[in-house]
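Undergrad: The structure follows.
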Amino acid sequence: MMSAVVAYAPGDYRLERVPVPEAGEDAEGVVRSESGGYGCDVYIEATGYPQSVVQGLRMIRKLGRFVEF
């Protein structure tokens, strides 16, 4: 199984070395595609934006980890 790091940030100026979905692109779809349909192992939410929490909970795989700080 291949590993991949997928990062998403609406203001992607901070992410230069990580594949980032384009603004407006379906981030959840990119994660599902990259993971063979499973979802992500870990979702780290650090924005405090409520919609990011909902998005993260939809993206994680079964028994995945959701980290919010």
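The values are calculated or read from the model by the stated rules, or taken from the named source; none is laboratory data. A quick note: this is a predicted structure, and the numbers were derived from the prediction, not measured. Don't worry about glycine lacking a Cβ; one is built from the backbone with ideal geometry, like all the others, and counts go over all protein chains shown. Calculation scope for accessible area: heavy atoms of the full protein, side chains included, ligands and nucleic acids excluded. Shrake-Rupley method; radii C 1.70, N 1.55, O 1.52, S 1.80 Å.
Undergrad: Considering only protein heavy atoms and a 1.4 Å probe, what is the carbon-and-sulfur percentage of the accessible area of the range 23-69?
TA: 56 percent
Undergrad: Also, quick follow-up: Under a 1.4 Å probe, what is the accessible area of the range 19-69 per residue, stated in Å²?
TA: For the range 19-69, the solvent-accessible area averages 71 Å² per residue.
Undergrad: Just order 39-46, 62-69 by mean Cβ neighbour count inside 10 Å, highest at the front, would you?
TA: 39-46, 62-69
Undergrad: Any chance you could look up the accessible area of Ser33 with a 1.4 Å probe, heavy atoms only, rounded to 10 Å²?
TA: For Ser33, the solvent-accessible surface is approximately 90 Å².
Undergrad: Okay, next question. In terms of modelled amide H atoms, which long-range or inter-chain residues lie less than 5 Å from the amide H of Ile60?
TA: It is Cys40, by chain and number.
Undergrad: Okay, next question. Under the Karplus relation 6.51 cos²θ - 1.76 cosθ + 1.60, θ = phi - 60°, what is the ordered set of whole-Hz ³J(HN,Hα) values for the range 31-44, x standing for Gly and Pro?
TA: So the Karplus estimates, Gly and Pro as x, are 5, 4, 5, 5, 9, x, x, 7, x, 8, 6, 9, 10, 10 Hz.
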